[in-house]
Amino acid sequence: QVQPVESGGGLVQAGGSLRLSCAASGNIFGIISMAWYRQAPGSQRELVASITSGGSTNYAYFVKGRFTISRDNAKNTVYLQMNSLKPEDTAVYYCNVYPVGINSWGQGTQVIVSS
């Protein structure tokens with residue numbers, strides 16, 4: 001099990017940037033893939049970006065070119081750099097293992113992008 005704790009969300013104007021962090025407990029962090037997900041009001045949770053233990057990344061089409069996922073295995077931390085934010089990026093952002101399977105979810109961090 002990996003227990004994630006997300007931080008870094010907030011209120012930002014459209015076009016702005018935010019950097020999310022996820023500190024994950026568990027001694028298997030370095031050998032598993034991690035991902036960022038998000039859930040907007042009234043919508044299902046969706047995958048935003050994933051990163052393998054070796055650093056290979058994949059992005060959802062709606063964030064490609066704007067968001068960057070990275071990780072620091074020495075710190076058990078995953079990051080999401082979000083640039084050129086749009087109002088439709090407003091959501092609660094979560095990190096978790098990828099694929100999620102039965103791993104529990106953290107509280108997430110709220111991102112609000114104003115127009």
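The values are calculated or read from the model by the stated rules, or taken from the named source; none is laboratory data. All of these numbers come straight from a predicted model, not from anything done at the bench. Note: ideal-geometry Cβ built from the backbone for every residue, glycine included; neighbour counts use all protein chains shown. What goes into the accessible areas is simple: the full protein's heavy atoms, side chains included, and nothing from ligands, DNA or RNA. Shrake-Rupley method; radii C 1.70, N 1.55, O 1.52, S 1.80 Å.
For region 74-88, what are the residues that are open to solvent by 60 Å² or more (accessible area, probe 1.4 Å), of a type outside the set (Gly, Ala, Ser) and part of a helix (DSSP H, G or I)?
Correct list: LYS75, GLU88.
Checking the conditions here, which among ALA40, ALA23 is surrounded by fewer than 19 Cβ atoms within 10 Å (Cβ to Cβ), touching a Pro at 6+ places or on another chain (Cβ under 8 Å) and of a type outside the set (Asp, Glu)? Quick ask: steps written out before the conclusion?
Values: ALA40 fails: touching a Pro at 6+ places or on another chain (Cβ under 8 Å).
It is ALA23.
Suppose the filter is touching a strand residue (DSSP E or B) at 6+ places or on another chain (Cβ under 7 Å), open to solvent by less than 70 Å² (accessible area, probe 1.4 Å) and closer than 22 Å to VAL2 by Cβ; does TYR59 pass it? Give the derivation first.
Details: touching a strand residue (DSSP E or B) at 6+ places or on another chain (Cβ under 7 Å): yes; open to solvent by less than 70 Å² (accessible area, probe 1.4 Å): yes; closer than 22 Å to VAL2 by Cβ: yes.
Yes, satisfied.
Yes/no per residue for (1) free of Cβ contacts under 8 Å to residues at least 24 places away in the same chain; (2) farther than 25 Å from SER115 by Cβ; (3) touching a helix residue (DSSP H, G or I) at 6+ places or on another chain (Cβ under 9 Å):
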{"site": "GLN1", "(1), (2), (3)": "no, yes, no"}
{"site": "SER17", "(1), (2), (3)": "no, no, no"}
{"site": "SER53", "(1), (2), (3)": "yes, yes, yes"}
{"site": "GLY65", "(1), (2), (3)": "yes, no, no"}
{"site": "ALA91", "(1), (2), (3)": "no, no, no"}
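Assuming GLY10 fulfils every condition listed in (1) under 20 Å from SER115 (Cα atoms); (2) under 10 Å from the mean Cα position of the chain (by Cα); (3) open to solvent by less than 50 Å² (accessible area, probe 1.4 Å) apart from one, which condition is it?
Failing condition for GLY10: (2).
Considering each residue of region 26-37, count those that are open to solvent by less than 40 Å² (accessible area, probe 1.4 Å) and either β-branched (Val, Ile, Thr) or within 24 Å of ASP89 (Cβ to Cβ) (or both), and give that number. Steps first, answer last, please.
In the first step, residues of region 26-37 are kept if they are open to solvent by less than 40 Å² (accessible area, probe 1.4 Å); the result is 26, 29-30, 32-37.
Keeping just the survivors that are either β-branched (Val, Ile, Thr) or within 24 Å of ASP89 (Cβ to Cβ) (or both) gives 32-37.
Of the residues in that region, 6 qualify.
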